[in-house]
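J.: Dumping the structure here so I can ask a few things about it.
The values are calculated or read from the model by the stated rules, or taken from the named source; none is laboratory data. What you see is a predicted model, and the numbers here were worked out from it, not measured in a lab. Reconstructed Cβ throughout: ideal geometry from the backbone, glycine too, with neighbour counts over all protein chains shown.
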Amino acid sequence: SQKIEQNSEALNIQEGKTATLTCNYTNYSPAYLQWYRQDPGRGPVFLLLIRENEKEKRKERLKVTFDTTLKQSLFHITASQPADSATYLCALVPRVLNNAGNMLTFGGGTRLMVKP
Amino acid sequence: DGGITQSPKYLFRKEGQNVTLSCEQNLNHDAMYWYRQDPGQGLRLIYYSQIVNDFQKGDIAEGYSVSREKKESFPLTVTSAQKNPTAFYLCASSIDLWELFFGEGSRLTVL
């Protein structure tokens, strides 16, 4: 069955370091992958999108990589700040959209804690 | 400012009652979605609508119903048939699947 896995354990890092979050998928052929940020008790906010033919995408302190051979995306936050503390969700859109059965599918998210 | 408004933010329901969660958007998006989020789990799709007067079931539609009479509105009813309705409900809209815009969510608790 199709599966998207993100580390369910919280990632704790020191301010100023680079945070790296992982999104692994199985039995998927994603057309593209998205990353969202979610603060406690609030809705997710879109951050970045990367297509299957792109290796890397950057936006300010954020960088996303997409390795379709490893079936993995890495999400990096450089020079992390306490304000970056949140849960980060990855989501996949498959190449072939049939119906609601295989639309945008979310991973469980990884909580990031940046300590001052 | 354009955006998505969900209400109420918190809702308590007695067992056996139906409740309706409101979702309104002024982004002029055609597509709207309802997701359910449980602690430590990913968002699961309940229903979605790509156009007015049309909607499709998602992965976990049982015990839920929706309507799409206006482009701006996509209310979700949690019926008494939903066995475990306590959860965080998120409404979203999009032009396409490139980017979803989410509301602030509604937390439903069954007493």
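J.: Tell me which of these A:GLN6 doesn't satisfy, since it passes every other one: (1) within 14 Å of chain B (Cβ to nearest Cβ); (2) surrounded by fewer than 20 Cβ atoms within 10 Å (Cβ to Cβ); (3) within 26 Å of B:ASP38 (Cβ to Cβ).
T.: (2)
J.: Further question on the same structure: When the residues of region B:26-45 are narrowed to those that are assigned to a strand (DSSP E or B) and surrounded by 22 or more Cβ atoms within 10 Å (Cβ to Cβ), which ends up farthest from the other protein chains (Cβ to nearest Cβ)?
T.: First, the residues of region B:26-45 that are assigned to a strand (DSSP E or B): B:31-37, B:44-45.
Those left that are additionally surrounded by 22 or more Cβ atoms within 10 Å (Cβ to Cβ): B:32-37, B:45.
Details: B:MET32: 13, B:TYR33: 8, B:TRP34: 11, B:TYR35: 8, B:ARG36: 11, B:GLN37: 9, B:LEU45: 6 Å.
The selected residue is B:MET32.
J.: Identify, by number, the condition in (1) surrounded by fewer than 21 Cβ atoms within 10 Å (Cβ to Cβ); (2) modelled with pLDDT of 90 or more that B:LEU97 doesn't meet.
T.: Only one criterion is unmet by B:LEU97, namely (2).
J.: Provide a single number: the residues in region A:25-37 that are within 17 Å of A:LEU112 (Cβ to Cβ) and more than 10 Å from chain B (Cβ to nearest Cβ).
T.: So the count comes out to 2.
J.: Give the residue, chosen from B:GLU15, B:GLU99, that is in a loop (DSSP other than H, G, I, E, B), touching a residue at least 24 places away in the same chain (Cβ under 8 Å) and either among the hydrophobic types (A, V, I, L, M, F, W, C) or at negative phi (or both).
T.: On the way: B:GLU99 fails: touching a residue at least 24 places away in the same chain (Cβ under 8 Å).
It is B:GLU15.
J.: So in region B:46-56, with the set limited to residues that are in contact with a Phe, Trp or Tyr (Cβ under 6 Å, 6 or more places away or on another chain) and not polar (S, T, N, Q), which one is nearest to the other protein chains (Cβ to nearest Cβ)?
T.: So the first thing to find is which residues in region B:46-56 are in contact with a Phe, Trp or Tyr (Cβ under 6 Å, 6 or more places away or on another chain), and the list is B:46-49, B:55-56.
Okay, now just the ones that are also not polar (S, T, N, Q), so B:46-48, B:55.
Values: B:ILE46: 9, B:TYR47: 8, B:TYR48: 6, B:PHE55: 10 Å.
Residue satisfying both the conditions and the ranking: B:TYR48.
J.: Further question on the same structure: Which members of region B:57-88 meet the condition of being within 14 Å of chain A (Cβ to nearest Cβ), more than 18 Å from A:LEU104 (Cβ to Cβ) and assigned to a strand (DSSP E or B)?
T.: B:TYR64, B:ALA87 - these are the residues of region B:57-88 that are within 14 Å of chain A (Cβ to nearest Cβ), more than 18 Å from A:LEU104 (Cβ to Cβ) and assigned to a strand (DSSP E or B).
J.: Residues of region A:38-78 being within 11 Å of chain B (Cβ to nearest Cβ), assigned to a strand (DSSP E or B) and of a type in the set (D, E, K, R), which ones? Walk me through how you get there before you give the answer.
T.: Our first condition is that a residue be within 11 Å of chain B (Cβ to nearest Cβ); within region A:38-78, this holds for A:38-49, A:51.
Checking which are assigned to a strand (DSSP E or B) leaves us with A:38, A:45-49, A:51.
Within region A:38-78, just A:ARG51 meets the criteria.
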